[in-house]
Amino acid sequence: MAAGPAKRARYHHAKLVREWLALPGRLMPLVTAILMHVFAAQRIHADDTTVPVLAKGKTRIGRLWTYVRDDRPFAGPDPPAAVFFYSRDRGGAHPEQHLANYAGLMQADAYAGFNRLYEANRKPGPIIEAACWAHARRKFFDLARINKAPIAIEAVERIDVLFAIEREINGMTPQERVRVRNERSRPLVIELESWLREQRTKVSKNSDTGKAINYSLKRWSALCRFLDDGRLCMSNNAAERELRGIAVGRRNWTFAGSDEGGRRAAAVYTLIQTAKLNDIDPQAWLADVLARLPDYPAKRIADLLPWNWRPQNIAAEAA
């Protein structure tokens, strides 16, 4: 039986990744430029996922981390980009190293390894946590779908009203977003907190519903931060979307033999996902860039970034 379009697309994607993993380090100036662009943002998204790594005849689990800059939800003029890092494990020391020079807003899940980043005396400055409503909703959604729990069902409905407002203001300026949120979202959030606290008195703290309620209430300040800052989103979906390509890749390939393979993969995903975020075909872009890099002036490397790139034949015609 012939493979379907989705399966063929996954195979093609995996094949390209395997080929690009073998590329020499001459693409690293582009990776570094993307990294600098991401961490120059006032707000980033952060997330991580597992990756298989071959080690002495067996497979162990490493991590790929992503940090995403996407200012489009608040009409920011700068292009979107995603940078990836590899690590052998999920220790908090890794994001501390990745973000050593970053200070600003960060949208993320409730991973405890991020906690030191949020300390007020951190240098070069604190990272301000903005928690993810999609994660909070998911705790209730699973209970609503599987157990038909009435409290969970109502919690999902209340949170979904907030997300509907967010869809309406996507792409507006920060000032416009805060105005709408103050008028429409803030009263709903105040009511939701009061309702959750009331429901918590009716259930055991050790029950699944009690745990879902406590997950949100323990993070309430970080969940509510979006109300006062129009640059923030309600969710961390921007980072989760960038990790989906890795989830697809896991079905088709395993890193070839070492942590170095993981680091190469992180560099490759930085290039691929940033191209896609800018509606650029990664294969066409990388083929053109690789042909031009040997003779390309280092001081003009920014011209080859996906959001500035023009194919060589078009650039030649314009010259």
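Listed values, structure above:
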| quantity | calculated |
| --- | --- |
| Residue within region 137-156 that is out of contact with any Phe, Trp or Tyr (no Cβ under 6 Å at 6 or more places or on another chain), among the aromatic types (Phe, Trp, Tyr) and more than 29 Å from ILE44 (Cβ to Cβ) present | no |
| Scope region 103-141; condition of a type in the set (Lys, Arg) and in the same structural domain as MET36 (by TED's automatic domain parsing); matching residues | ARG116, ARG122, LYS123 |
| Single match in VAL53, VAL31 (criterion: over 19 Å from HIS135 (Cβ atoms) and assigned to a helix (DSSP H, G or I)) | VAL31 |
| Restricting region 172-192 to residues that are assigned to a helix (DSSP H, G or I) and of a type in the set (A, V, I, L, M), the residue that is surrounded by the most Cβ atoms within 10 Å (Cβ to Cβ) | VAL178 |
| Qualifying residue in region 154-168 (condition: within 25 Å of the chain's Cα centre (by Cα), modelled with pLDDT under 95 and not polar (S, T, N, Q)) | no |
| Of the criteria (1) touching a Ser or Thr at 6+ places or on another chain (Cβ under 9 Å); (2) surrounded by fewer than 16 Cβ atoms within 10 Å (Cβ to Cβ); (3) not small (Gly, Ala, Ser), which one ARG137 fails | (2) |
| Lone qualifier among ALA212, ALA275, ALA238, ALA267 - being in a helix (DSSP H, G or I) and in contact with a His (Cβ under 7 Å, 6 or more places away or on another chain) | ALA238 |
| Cross-chain or 6+ apart pairs with Cβ under 8 Å, region 303-319 first and modelled with pLDDT under 90, then assigned to a helix (DSSP H, G or I) | GLN312/ASP288; GLN312/ALA291; GLN312/ARG292 |
| All positions within region 23-70 that are touching a helix residue (DSSP H, G or I) at 6+ places or on another chain (Cβ under 6 Å) and either free of Cβ contacts under 8 Å to residues at least 12 places away in the same chain or of a type in the set (S, T, N, Q) (or both) | THR49, THR66 |
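The values are calculated or read from the model by the stated rules, or taken from the named source; none is laboratory data. What you see is a predicted model, and the numbers here were worked out from it, not measured in a lab. Cβ sites come from the backbone with ideal geometry, for glycine too, and all protein chains shown count toward neighbours.
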